[in-house]
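Here the structure is laid out as structure tokens; the discussion comes afterwards.
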Amino acid sequence: DGYVTLKVKSRAVSGLLGWQSTLRWEVKQLQLHTTTGLINNLGIGERWKDDGYLTLSWNDPRAEGLSFTDGVAWMDLKFKKTSSLQRAGIGMTEEKLGTEAFNGNYQSMGVKMEPIELRGNTLTGLMRVYPNPATQYMNVEWKMAGAGAATVRLLDAQGRVVNVQRGEYGMGVQRVTIKRSGAWSVAGTWMVQVEVDGEVRNVPVVMGGEEPRP
């Protein structure tokens with residue numbers, strides 16, 4: 001749908017008293033849509049979000065030092081992908097709000113963020129299947145933003161894969177032809193699926209009642 005949601009999680013940590021940092025991303029490729037804090041007392045600063053910065057801060061209100069298990073979610077970030085998105089990184093920066101954390105004894109703790117990289121959609125534009133309804137054959141067309149591998153599948157009305165075609169394709173509009181065989185003579189609504197770089201698109205196709213020719 002043109003959006004991507006990232007869930008920011010913590011590694012296991014004990015005795016955390018307070019923490020702050022700044023996230024940085026490329027605004028020409030990603031636009032911050034919404035932020036959702038998932039723990040109490042999480043401060044989210046959006047003052048510079050249009051410039052690609054988001055400040056984050058948290059502190060233990062009881063000043064006792066809290067512990068978090070591995071995988072605790074702190075927040076959700078929802079970004080809108082721009083049409084120019086190719087590869088965009090999201091990480092921490094010392095700009096705006098410095099990165100630091102302290103434990104219950106007010107000792108400094110290290111803070112780091114595993115690198116995150118978002119890629120643009122390799123599969124672009126509209127996908128179509130014709131003729132639809134199909135009788136003897138069908139053509140599958142899709143558009144790729146760059147060269148890469150693609151997989152075309154035909155699924156019957158029960159969702160079973162009955163035909164697979166894999167190949168390497170260049171940039172632009174691609175087309176493959178699927179010929180029906182005697183084993184695919186059941187009329188009804190089937191599904192054509194194209195997968196490129198983990199992105200999958202589906203188009204229903206009506207199989208006509210005419211028996212395929214030998």
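The alpha-carbon positions of the chain define a convex hull whose volume is 145 Å³ per residue.
Report the calculated FRET efficiency for Glu64 and Ala149 (r = Cβ-Cβ distance, R0 = 45 Å), to the nearest 0.05. Numbers along the way, then the final one.
Details: r = 53 Å, r/R0 = 1.18.
For Glu64 and Ala149, the calculated efficiency is 0.25.
Could you work out what % of the accessible surface of the chain is carbon and sulfur, using a 1.4 angstrom probe and leaving DNA, RNA and ligands out of the count? It is 48 percent, rounded to a whole number. Between Asn103 and Glu199, residue separation times 0.36 nm minus the direct Cα-Cα distance comes to 30.3 nm. Once the Cα-Cα distance is subtracted from the 0.36 nm per residue extended length, the Ala187 to Leu6 segment shows a gain of 61.0 nm.
A simple count of charges around Trp19, restricted to other residues whose Cβ falls under 13 Å of its Cβ and scoring Lys, Arg +1 and Asp, Glu -1, yields 0.
Rolling a 1.4 angstrom probe over the protein heavy atoms, how many square angstrom per residue are accessible across the chain?
Values: 12230 Å² over 214 residues.
Spelled out: the 1.4 Å probe surface of the chain, per residue, equals 57 Å².
Extension gain, Arg87 to Arg128, is 12.1 nm, computed as 0.36 nm per intervening residue step minus the present C-alpha separation. Derived scalar couplings between HN and Hα for the range 144-152 equal 10, 6, x, 5, x, 8, 9, 10, 10 Hz in order, rounded to whole Hz, by the Karplus curve 6.51 cos²θ - 1.76 cosθ + 1.60 (θ = phi - 60°), x for Gly and Pro.
If you place +1 on the Cβ of every Lys and Arg, -1 on the Cβ of every Asp and Glu, and leave all else neutral, what size is the dipole of the range 1-132 about its Cα centre, to the nearest 20 Debye? All intermediate terms of the calculation are to be shown ahead of the outcome.
On the way: 16 positive and 14 negative charges, 105 e Å.
Around 500 debye, computed over the range 1-132.
The simple spin-label model puts a point 7 Å past each Cα toward its Cβ; for Val206 and Arg47 those points are separated by 6.0 nm.
Distance between the pseudo-spin-label points of Tyr137 and Gln158 (7 Å out from Cα toward the beta carbon): 2.9 nm.
Packing, taken as the mean count of other beta carbons within 10 Å per residue, orders the peptides 198-207, 37-46 from highest to lowest as 198-207, 37-46. Each listed q (0.17, 0.21, 0.30, 0.33 Å⁻¹) maps to a log10 I(q)/I(0) for the range 65-105 from the Debye sum over equal C-alpha point scatterers, namely -0.84, -1.05, -1.13, -1.13.
The values are calculated or read from the model by the stated rules, or taken from the named source; none is laboratory data. Bear in mind the structure is a predicted one, so any value in this text is a computation, not a measurement. When we count neighbours, we look across all protein chains shown, and the Cβ atoms used for this are built from the backbone with ideal geometry, even at glycine. Remember, those area values only see protein heavy atoms, side chains included, never the ligands or the DNA or RNA. Shrake-Rupley method; radii C 1.70, N 1.55, O 1.52, S 1.80 Å.
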